[in-house]
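What follows is a short report on a single structure.
What follows is calculated from the coordinates using simple rules that are stated; it is not laboratory data. For clarity, every value in this text was computed on a predicted model and none was experimentally measured. So basically every Cβ, Gly included, is an ideal-geometry build from the backbone, and we count neighbours across all protein chains shown.
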Amino acid sequence: MPLISSTHMLQIARKNKYAIGAFNVHTLEMLQAVIEAAVETQSPLIIQSTVGTVKHLGPDYLAAAATVAANRTGLPIALHLDHCTDFQLIVQCIRAGYTSVMIDASMYPFEENVERTRKVMEVAIAAGVNVEAELGKVGGVEDDIVVDERDALLADPEECSQFIERTGVLTLAPAIGTAHGIYKGEPNIDFARIAQIADRVAAPLVLHGGSGIPAEQVRRAVALGMAKMNIATELRIAFTDAIKQVFTANPEENDPRKYMVPAKEAAKRLAIEKMQLCGCVGKAGEVR
Ligand SMILES: [Zn+2]
C-alpha cells in the first residue's frame, strides 16, 4: 500500500489509548531500522525527518525510500516533516510525497500561529496530508530551533481549544513540560495540564521530546491522550554508539556495511522498545 496520512491512524490511537511511535531518521539505514521494527512487531509507523535532514538528503529521496517501505510491507506508514517553520519547504515536501507535516509557529504570538497554521491547512488538507501544530514552547534543541529551557512556556488548555477551532488543525503538540534532547534530570511533565487539554481537545495530541522520559510517565501521558510520541535523540544515540563500538574494536574498518549493519540493528532494537512502550505493537491492522 502507498504511504498514508497520519490523521486516521492517530485518531484511532487516541480513541484506543495508545500512541504511535514517530521516529526521526537521518540515513537510509535508520529508515530501514524503524521499518524492520514495525514489520517485526506489526506496528503502525510514522517516519519523520527534521528540516535539517530534508535539506541534507532531499525530500524526494526520503519520500521514495518511505514509499518503497510502505509498498513492500503493506503496513500503515506515514512520512512526516517535523518542526517546520518554512511554508515553502512544507509545500515542497507535500509535492515530494510527504503525508504529514508539522508547521511550528509556536514562537509567534497566538494570532500569528493561528494564521500560519491556517495557511498550511489550506494546502495540506486539499492534498490529504495531516497537519500538526504546536502551542507553547517545547524546551531544548531541535535542529536550529533553540528555546531557552527556563523560558519554555507551557500550552494553555483554553488556548488549545480555541486554536483547534480557529485552525481546524488535526493534530496538536501542546508544550506540557517535555524537552528535546536527553534530560539532565527527570522531566517535569505537567500531567494535570495534559488532562485539561485532552478534556477540551478531541484531536490526537503529540508528545515531543520523547527521548529519555521514564516508562511510567510515558504510559501516563499516553493514557491521557498523547497519541504520537516523537523519538529522535535516543534513536540517534543507539545508532551512533553501535558505530563507535565498531571503530573502537577496529579503527581501520573501512567497509560501511561493517558498521552500518550493527548500527541498524541497534536502532531497530531501540525502536521496538519504544513501540512496546507506546502500546502500538500489533495495531497495524486496526489503523489501516
Ligand atoms: Zn519536537
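Figures for the structure shown
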{"item": "Within the chain: Cβ-based charge dipole about Cα centre, in debye rounded to nearest 20 (Lys, Arg +1; Asp, Glu -1)", "result": "900"}
{"item": "Above-threshold pairs, the threshold being 27 Å between Cα atoms, out of 258/283; 244/283; 184/268; 17/137; 137/283", "result": "258/283; 244/283; 137/283"}
{"item": "Cα-based helix-to-principal-axis angle, 233-249 vs the chain, degrees rounded to 10", "result": "20"}
{"item": "Burial ranking of peptide ranges 269-275, 245-251 (average Cβ count within 10 Å, highest at the top)", "result": "269-275, 245-251"}
{"item": "Cα radius of gyration and Dmax for segment 6-287 (Å)", "result": "17.8, 58"}
{"item": "Antiparallel content of DSSP bridges confined to the chain, in %, to 5", "result": "10"}
{"item": "Length-normalised contact order of segment 6-287 in % [C-alpha pairs under 8 Å, at least 6 apart]", "result": "25"}
{"item": "Alpha-carbon centroid distance for the pair segment 1-38 / segment 70-108, whole angstrom", "result": "12"}
{"item": "Mean residue ellipticity (222 nm) of the chain, computed from DSSP H runs ≥ 4 via -39,500 (n - 2.57), nearest 500", "result": "-16000 deg cm²/dmol"}
{"item": "Distance (nanometres) between label positions extended 7 Å along Cα→Cβ at residue 186 and residue 16", "result": "3.2"}
{"item": "Burial order of peptide ranges 182-191, 20-29 (average beta-carbon count within 10 Å, highest first)", "result": "20-29, 182-191"}
{"item": "Trypsin sites (Lys or Arg not before Pro) restricted to segment 5-61 and DSSP loop, no more than 16 other C-beta within 10 Å", "result": "17"}
